Every structure is written in C-alpha cells, then in structure tokens.
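Novice: This is the structure I want to talk about, given as structure tokens.
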Amino acid sequence: MDFRISALARVFAIAAGAILLFAGLCTGTDTNSLKKGSWAMQFQITDDFNLDSFQGSTLSLKKHTSDGKAWRMGMTLDFSTNDREDEIFYDDTLSNSQDQEANGQYVQLSIQRVFYSRPGNRASLFYGLGPMASYRHTETTRTTDTYGGQTDENDSKDWSAGLAGFVGVEWFATESISILAEYGAAFTYHHSDRTTMSRRADPDQSRRNESETHGYDFDPAAIKLGLSVYF
C-alpha cells in the first residue's frame, strides 16, 4: 500500500511539474474561466487518448461560485437487462432447456468543494474534498427443466458512502479550455446483502441462504489526466 501511494505521488509530482514548467512560459492574468458563474464539463483523457467522463460515466460538471472556488459533481447511472435461452442436447432424444434472466441497477454520486490557489493565473494548483455514495442492485434467475424443474435466484444489494479528497494542477490552453492532472483518494464504508434461493420440484430440497458483509476501504486513485471545457 505504501509503495503504491508513494509511486503514484511521484508520478503526480512529475506530471504537475511538467505542466507548471510549461505554464511558466505562458503566465498572465485574465486568461482563464475560474470566475464566478462559469460552468465546465470535464472529461478524462484515457490511455489511448480517448475522452471519457472525469468523475462519472454519465455526467461530470463543475460550477464556480466565486473566483477560485467551485462545486464539482460526478454522477454515474447504469441500468441493464439480459435474457438468455439455451437448449442443450445430450443425444438424439434427450435435451435440457435453460432460461436465464439478469437485471442490474447502479448509481454513483459525488459532490466536492474545489479551491484554486491562484485563480488569476494561467496555471493553478487546486484541491478539494467532499462526500460520495453508490448503490448497486443485481438480480439473476436461472430456470432449467432438469429433475422435474429447478430455479436458482440470486439477489444482491451493495451500497457505500464516504469522503473523497484530491489535489491537482490545471493549465488553460485557451480561456475556455484547460488540461488538468489530478491525484486523489477515498475513504468509504461499504455494506452488502446477498440472498440465494434454490427451488426444486421436491420442497425438501429447496434452500434459502442469506449473508451480510460490511467494512471500511481506503482507496488511492490512479493519476487522472483530464480536459475541461468552460461555458
């Protein structure tokens, strides 16, 4: 854990230093949009230089409430439904049919307060802290006609909540477009509930199992390279 954190910190220091060094050639005031009332959409630059959402796969937004202070929000929404039917043949006369249905929902939300050290410059250090929470629900049902028919049902619910902090550097290529590098970490509490039901033609062979787990996580995040578009 310590080695991973120190390695990420070194990478962040190199990235931040490179941006600040380049920014030193372009210093000046009134060259950015870190002003009260401005909005920004933020994207993450991935390894293959594609653009992805910075804080959430659905939406990443930032709203400046004053020069050098802002609120940042990331939201992820994911809903899925899958149905599958299989027919398994053992020989010319015997077969087994199987139906499987899966449904899932996932929601994640983070809100952070962001502070900039030099909002009037083309490049500025920033840092922030704020709450985050997530919820995931997954249901699967598998039905087969083996041994007179059997059904297996799985239901899982997971949620987490905690605080996320970060520090980074942002450089403005133009007044409304900037590049940023950021390192962060999150401390969260997580809770999980699992229910498994096995239904058989013979009620004496049916089973129901329930389990519950919970705990705490400290998760250092990877260095993120991003792009902000202000409006």
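The values are calculated or read from the model by the stated rules, or taken from the named source; none is laboratory data. Just so you know, these numbers come straight off a predicted model, no measurement behind them. Cβ atoms come from the backbone with ideal geometry, glycine included; neighbour counts cover every protein chain shown. Surface accessibility is based on the protein's heavy atoms, side chains included, excluding ligands, DNA and RNA. Shrake-Rupley method; radii C 1.70, N 1.55, O 1.52, S 1.80 Å.
Novice: Answer with yes or no whether Asp152 is open to solvent by 50 Å² or more (accessible area, probe 1.4 Å) and of a type in the set (D, E, K, R). Reasoning before the result, please.
Specialist: Numbers: open to solvent by 50 Å² or more (accessible area, probe 1.4 Å): no; of a type in the set (D, E, K, R): yes.
It is false that Asp152 is open to solvent by 50 Å² or more (accessible area, probe 1.4 Å) and of a type in the set (D, E, K, R).
Novice: Restricted to the range 47-78, and to residues that are within 16 Å of Ser134 (Cα to Cα) and hydrophobic (A, V, I, L, M, F, W, C), which residue is modelled with the lowest pLDDT?
Specialist: Ranking the candidates gives Leu59 first.
Novice: Could you list, in sequence order, all residues of the range 125-137 that are open to solvent by 50 Å² or more (accessible area, probe 1.4 Å) and either among the small types (Gly, Ala, Ser) or touching a Ser or Thr at 6+ places or on another chain (Cβ under 9 Å) (or both)? Quick ask: steps written out before the conclusion?
Specialist: Filtering the range 125-137 down to residues open to solvent by 50 Å² or more (accessible area, probe 1.4 Å) leaves 125, 127, 129, 131, 135-136.
The answer is Leu125, Tyr127, Pro131, Tyr135, Arg136.
Novice: From the residues in the range 53-69 that are out of contact with any Phe, Trp or Tyr (no Cβ under 8 Å at 6 or more places or on another chain) and surrounded by 18 or more Cβ atoms within 10 Å (Cβ to Cβ), which one is nearest to Ser178 (Cα to Cα)?
Specialist: Only one residue fits best here, namely Gln55.
Novice: Are any residues in the range 70-82 of a type in the set (A, V, I, L, M, F, W, C) and open to solvent by 50 Å² or more (accessible area, probe 1.4 Å), and if so, which ones? Talk me through it step by step, then tell me what you get.
Specialist: Restricting attention to the range 70-82, the residues satisfying the condition of being of a type in the set (A, V, I, L, M, F, W, C) are 70-71, 73, 75, 77, 79.
Within the range 70-82, Trp71, Met73, Met75, Leu77, Phe79 qualify.
Novice: Give all pairs with beta carbons closer than 6 Å in which a residue from the range 213-227 that is small (Gly, Ala, Ser) meets a residue that is surrounded by 11 or more Cβ atoms within 10 Å (Cβ to Cβ) and not in a strand (DSSP E or B); count only pairs at least 6 apart in sequence or on separate chains.
Specialist: Listed pairs, sorted by first residue: Gly226/Phe54.
Novice: Which of the residues spanning the range 188-231 are over 30 Å from Ser38 (Cβ atoms) and either touching a Lys or Arg at 6+ places or on another chain (Cβ under 6 Å) or among the hydrophobic types (A, V, I, L, M, F, W, C) (or both)?
Specialist: Asp193, Met197, Ser198, Ala201, Ser206, Ser211, Phe218
Novice: Right, another one. Within the range 22-37, is even one residue farther than 30 Å from Thr144 by Cβ, of a type in the set (D, E, K, R) and at pLDDT 65 or above? Break it down into steps so the answer makes sense when it comes.
Specialist: Taking the range 22-37 first, the residues farther than 30 Å from Thr144 by Cβ are 22-37.
Right, trim to of a type in the set (D, E, K, R) and you get 30, 35-36.
With the extra rule that they be at pLDDT 65 or above, the set shrinks to 35-36.
There is at least one residue in the range 22-37 that is farther than 30 Å from Thr144 by Cβ, of a type in the set (D, E, K, R) and at pLDDT 65 or above.
Novice: Let me ask something else. Only one residue in Thr144, Thr140 is of a type in the set (S, T, N, Q) and open to solvent by 30 Å² or more (accessible area, probe 1.4 Å). Which one? I'd like the intermediate steps shown before the answer.
Specialist: On the way: Thr144 fails: open to solvent by 30 Å² or more (accessible area, probe 1.4 Å).
When all the criteria are applied, what remains is Thr140.
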